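Just below is one structure, and these are the notes that go with it.
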Amino acid sequence: SAGVFLIPISVSLVCLGPVSGYLSDRYGPRFFATSGLLVSMVGFLMLTTIGRTVTFWQLALPLSFVGAGMGLFQSPNRASIMNSVPAEARGIASGTSTTLLVAGMSFSIGLAFYILTLTVPIADLQTIFIGGTALSTAPWIGGFVDSIHYVYYLSTVFLLLGIIPSALRGPSRAHDRSSSRTSPEAPPVES
């Protein structure tokens, strides 16, 4: 069931990722990457309204926003990273950005679970995550839903903080570097 509920994220990411990559190659990455963060932020804010029970259709729109934002952001951001380094350093840049991505995901999952454990006992969280039944009537489920809302609010804050450097980033210097490679080198200065 959880996999089915997450389909809107995947569909919107798959639809917008290639389009965003193509358009950012033509018009630059800043607008698309920044827009992606903003769209995901809207999706997370919409998720703060979910209640104890939720249907697929109630989650479809907010999760579509989250996925669309990821699709808008990822391609231009990765292209911007790759274009900001010389060709011989692209392997290092790719590895570094992937390491930071995985570290960020690990940190955010750990932080989310920490927030959850502040309001819900660990034994009750285990019941949730092993697929316990009749959870909507459990006495602690309100605290669980509230803590999920806190996680979404915190995610919104992180996205807002990410929008600032994304909007302020300078133009890609790939064009400057390629033109400097084709120009003749200045002769060395002798001392």
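No lab work stands behind these numbers, since they all come straight from the coordinates. All values reported here derive from a predicted model rather than from experimental measurement. Cβ placement follows ideal geometry from the backbone for every residue including glycine, while neighbour counts extend to all protein chains displayed.
Treating region 18-137 as a set of equal point scatterers at the Cα positions, no solvent, please give the Debye-formula log₁₀ I(q)/I(0) at q = 0.10, 0.14 Å⁻¹.
Treating every Cα as an identical point scatterer, log10 I(q)/I(0) equals -0.47, -0.80.
In region 82-123, if every C-alpha pair distance is counted and binned at 5 Å from zero, what percent goes to each bin?
5, 21, 15, 14, 10, 10, 8, 7, 6, 4, 1
With a sphere of radius 11 Å drawn around the Cβ of S24, what net charge do the other residues whose Cβ falls strictly inside it have (Lys, Arg +1; Asp, Glu -1)? Spell out each step's value before the answer.
Values: positive: R26, R30, R78; negative: D25.
My count for the surroundings of S24 gives +2.
For region 1-59, just say rounded, prolate or oblate: build the C-alpha gyration tensor, square-root its eigenvalues into a ≥ b ≥ c, call rounded for a/c under 1.5, and beyond that prolate if a/b exceeds b/c, oblate if not. Mind showing how you got there, number by number?
On the way: a/c = 5.14, a/b = 1.95, b/c = 2.64.
In terms of gyration-tensor shape, oblate.
Using the per-residue mean of other Cβ atoms lying within 10 Å as a proxy for protection, in what order, highest first, do the peptides 44-56, 60-72 fall? Spell out each step's value before the answer.
On the way: 44-56: 14.2, 60-72: 22.8.
For the peptides 44-56, 60-72, the packing ranking is 60-72, 44-56.
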